[in-house]
Amino acid sequence: MAIREILIHPDERLRVVAAPVSFPLSDEVKQVIRDMADSMYDAPGVGLAAPQIGVPLQIAVTDTLWRSDEVRHDPDNPGGSRDLKVWINPEFLWKSDEMATWEEGCLSVPETYADVTRPAAVRLRWFDMDGASHEHDFSDFLAVALQHEFDHLLGKLFIDYLSPLKRNMITKKMKKLYKS
Ligand code: NI
């Protein structure tokens, strides 16, 4: 188990556009994915994209069950993985005209939450660790979580959707709290 350091905004490495992953996965990339899952659960968070640990590849992991305190604190399986999903080279094929607003946060922008409006449903194509492609529609929380995670692969953060004034305040706060 290896916990990687999660980069904090305004780290420039969060702004790179990630490259597609080629198959079969190298041992190095498999290790990155394992480390991403460990780091996400350790944080704890519901999603983590590879650029957040300084790896500019199109990979994200999620566990949206993890957001439930009930699950996270289940004494029968403390710290256990519940619904780990690995998303490689994801691409949205469709986004709904209908929009939805959810409060978002991000491990790279700690202790900061804000409402973001995004398409309420999406159709996604992605690859699994074996290189098989999948296509599926998502709505509700998962649609939002996936859009948030895959924004990271484009060098984009949820605070980019906020007003410049609000974003600047958040950036100042991060610089003050996480000065390296
Ligand atoms: Ni994030």
- Item | In Å², nearest 10: area of His136 left accessible to a 1.4 Å probe | 100 Å²
- Can you list residues whose amide H is under 5 Å from Ala121's amide H, if they're 5+ apart or on another chain and H is modeled 1.01 Å from N? Ser96
- Item | Amide H partners (placed H, <5 Å) of Gln58, local residues excluded | Ala19, Val21, Asn89
- So how much slack lies between Lys156 and Arg82, counting 0.36 nm per residue of separation and subtracting their Cα-Cα distance, in nm? 23.9 nm
- Choose one of Gly45, Ile159, Thr62: the residue whose Cα lies farthest towards the positive end of the charge dipole of segment 12-178 (beta-carbon charges +1 Lys, Arg; -1 Asp, Glu; about the Cα centre). Ile159
- Item | Relative contact order %, the chain, counting alpha carbon pairs below 8 Å whose residues are six or more apart | 24 percent
- Note down the magnitude of the dipole of segment 12-178 about its Cα centre, charges +1 on Lys and Arg C-beta and -1 on Asp and Glu C-beta and zero elsewhere, to the nearest 20 debye. 880 debye
- Message: Compute for the chain: radius of gyration divided by Kirkwood radius, i.e. Rg/Rh, restricted to C-alpha atoms, rounded to two decimals.
- Response: 0.95
- Item | Residue-level accessible surface for Lys85, protein heavy atoms, 1.4 Å, Å² | 80 Å²
- Taking only pairs that are 8 or more places apart or on different chains, how many Lys pairs in the chain have Cα atoms under 20 angstrom apart? 9
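The values are calculated or read from the model by the stated rules, or taken from the named source; none is laboratory data. Quick caveat, the model's predicted, so the values are computed rather than measured. Using ideal geometry, Cβ is built from the backbone for each residue, glycine included, and neighbour counts are taken over all protein chains shown. Ligands, DNA and RNA are excluded from the accessible area calculation, which covers all protein heavy atoms including side chains. Shrake-Rupley method; radii C 1.70, N 1.55, O 1.52, S 1.80 Å.
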